[in-house]
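Following: one structure in structure tokens, then a few remarks.
The values are calculated or read from the model by the stated rules, or taken from the named source; none is laboratory data. As the structure is a prediction and not an experimental result, all values here were calculated from the model. Counting neighbours? That spans all protein chains shown, and the Cβs are built from the backbone with ideal geometry, glycine included. When the accessible area is computed, the model is the full protein with side chains, heavy atoms only, and any ligands, DNA or RNA have been set aside. Shrake-Rupley method; radii C 1.70, N 1.55, O 1.52, S 1.80 Å.
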Amino acid sequence: MALGLIHLVRTATLTGLVGLTALQAAPKPEAPKPPPAPPVTATEAAIALSHRANHLFEAVSKGDPEAVRAAQLEVEALRRTYSTMDVMPLVEATALWARQQGEVGRPALGLEALQAVERWAPDHPSLLGSRIVLMRQEGPRGWFWSFPDLLRLTRLRLEQPAHRWLWLLQHLGMLRLAATLLLWGWALTMGLRYRNVLRHLWEEPLQHKGIAPVLAALIGAAILAGPVLLGLDPLVAALLWLILLAPFLLVSEVRITVFIMLFQLIHPILAVMEPLAAREPAPSIQTLQLQPRVQPIPADSLRLLPPTDRTFLAGWEQLQNQQWKGAEETFQSLVGRHPDQPEVLNNLGVARYQLGDAAGAERTFQESQQAGVRMEALLNQSILAFNRLDMALGASKQEEAKAVAPEAYARLIALNDARKEARTYPMPLPDTLPRAEALAEAAGGHKDDRHPLSEPALQVALLLPLLGIGGFLLRVRRSMRRAHPGQCIRCGEPYHTTDSPDPEVCSKCHHLFVLRDGLHTESRKKKLDEVAVHQRNTRWIHKTLILLLPGCDLAFLGETREGLLEFLPFSLAVGMVLATGRSVRYPGEILPDPASTWLALGAVFLGLLYLRSWLKLLLRRA
């Protein structure tokens, strides 16, 4: 509930920022006025930030660098006035405004706006995603130059536990579609290659029983489509086709079929990942402290925290509201009692510094550093040293702070406008597993102890490929111990493999085309007609596969390895286009990420594969 309220407050603040920029009668930027006297509320800070955002957007629209710089200084002055104020709503509002400029054909203006606020959040996902979208709108060159930002955004997604699984599912979804297309395309190709002998499996027994050919054809259709008619997964139908064809496949075709069936295990693997992607992020003490809030933190959501933690959060709220005397008393009461003494002592020093007690603040910061080295305490010590004009000590403390936490140090320095004004930095209460569990229990959350493999649907998805492989290999093994019907490559007529000295053609075709003897004139003419019909149908099927399923045409003719090497990349390219590329809005964010680059790469790759396949028809005609 606490996280939901945080998201609601952030959304409301962002809406206010964008709404103010849309006012046609908005006043022109004025010179910065003296800030109001503290204490202030978070609502006043949000309203003031909204007006600064309006000034910034107007300055960017005019294309005046001096006006943009003045608007940036207004935001910096506002941050100093409200001390711990978060400017993330301004950053997100700018990203939204920039995307709106791109939609009306002004991507360059949107990029200038993003550059103006990048100093406050250089790696914010909304900024990176918006920059990628705007650069792509500038054409192919923009697509190329957006790759560095895309890599940075990808790194951020993979580093964030709450976003990692959602990103992986979004991009690995292409494997799921590729596996399905690979299985169905292979089953269809083998069914067409051995079409006559496949029908012979049920037509011969039915003919002995005197059943009409039309009725036998309907029964065969019911057998092939039976799993789908029964409401089973279409995967079962494809597995059934391949199991029926097992005795007639070549050794290379058997191996590839087993590989394709094993590839279907990608479905249960991704199904196991889906709950991880949908899982809500764990409650965070730091999120409660650092994200902007209009209302105080609900006491009910903190009721299971230790009393010292609740007192620390009360002191943090006093720091935000610039109630320096109350904050000093609160953190003084926690000295020696709270487990996180570096944070307590540092925040006590911040309160004393704001009250004008520089000596007491310096002493407290030194105690904080002795209790545990933290970047903020070292940076606060450098600020006090610079105030005393001790440049050597101040510089050394800054270097120590930078060595402890380089990224956090750079972020704080950027927020302080390149150190042009001295200010001290408080430290939030860090996240721990007991605190996260206490917040979750207070919010009514509960752990789902069920293992993903306990789900019936997942068990079926896992067993189907394994059962298919088992049935397929069992049928292959049994077929090796007895004679089975084959399909003549010339006339397509089913025949028993022991009836002809040639394993690929029937005895009649062997006599007709190899020995050239022993056939009556009428039988010879009838056989030639059968060969012509079969070869004509084979050519049409081959051309259709060339047009629709590159690679399957080669497997259809018996070039198994070459066909797989062409059909597998084709399946992956189709998966890239159809199963990835859609934009995703990650939890806790306002704007969705840009469409995946796999969409464009897959489309180009797919076009090249189709072009390569269609050239076969032109070369044959030539």
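The table that follows gives values for the structure above.
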{"item": "In nm, spacing of pseudo-spin labels at Ala595 and Val514 (7 Å Cα→C-beta vector)", "result": "5.6"}
{"item": "Reciprocal of mean inverse Cα separation for the range 101-164 (Kirkwood radius, Å)", "result": "12.2"}
{"item": "Rounded Å value of the spacing that divides the Cα centres of the range 426-445 and the range 554-570", "result": "56"}
{"item": "Estimated distance in nm for a label pair at Ala359 and Arg585, the labels positioned 7 Å out from Cα along Cα-to-Cβ", "result": "5.7"}
{"item": "Estimated distance in nm for a label pair at Tyr610 and Val335, the labels positioned 7 Å out from Cα along Cα-to-Cβ", "result": "7.5"}
{"item": "Radius ratio Rg over Rh of the range 166-289, counting only Cα atoms, Kirkwood formula for Rh", "result": "1.22"}
{"item": "Principal axis dimensions, the range 277-404 - Cα atoms, whole angstrom, descending", "result": "50, 38, 28"}
{"item": "FRET efficiency estimate (nearest 0.05) - Cβ-Cβ, Trp143 to Leu250, R0 60 angstrom", "result": "0.85"}
{"item": "Per-peptide average of other Cβ atoms within 10 Å, ordering 199-209, 175-185 highest first", "result": "175-185, 199-209"}
{"item": "Probe 1.4 Å, protein heavy atoms only - accessible area per residue of the range 222-354 in square angstrom", "result": "44"}
{"item": "Volume of the Cα convex hull of the range 514-606, divided per residue and given in Å³", "result": "118"}
{"item": "All-pairs alpha carbon distance profile, the range 148-218, 5 Å steps from 0, percent", "result": "3, 13, 12, 10, 9, 8, 7, 6, 6, 6, 6, 6, 4, 2, 0"}
{"item": "Whole-number D in µm² s⁻¹ for the range 77-222, Kirkwood Cα-pair radius fed into Stokes-Einstein, 25 °C, 0.890 mPa s", "result": "120"}
{"item": "Percent carbon-and-sulfur accessible area, the range 109-171, ignoring ligands, DNA and RNA, probe 1.4 Å", "result": "65"}
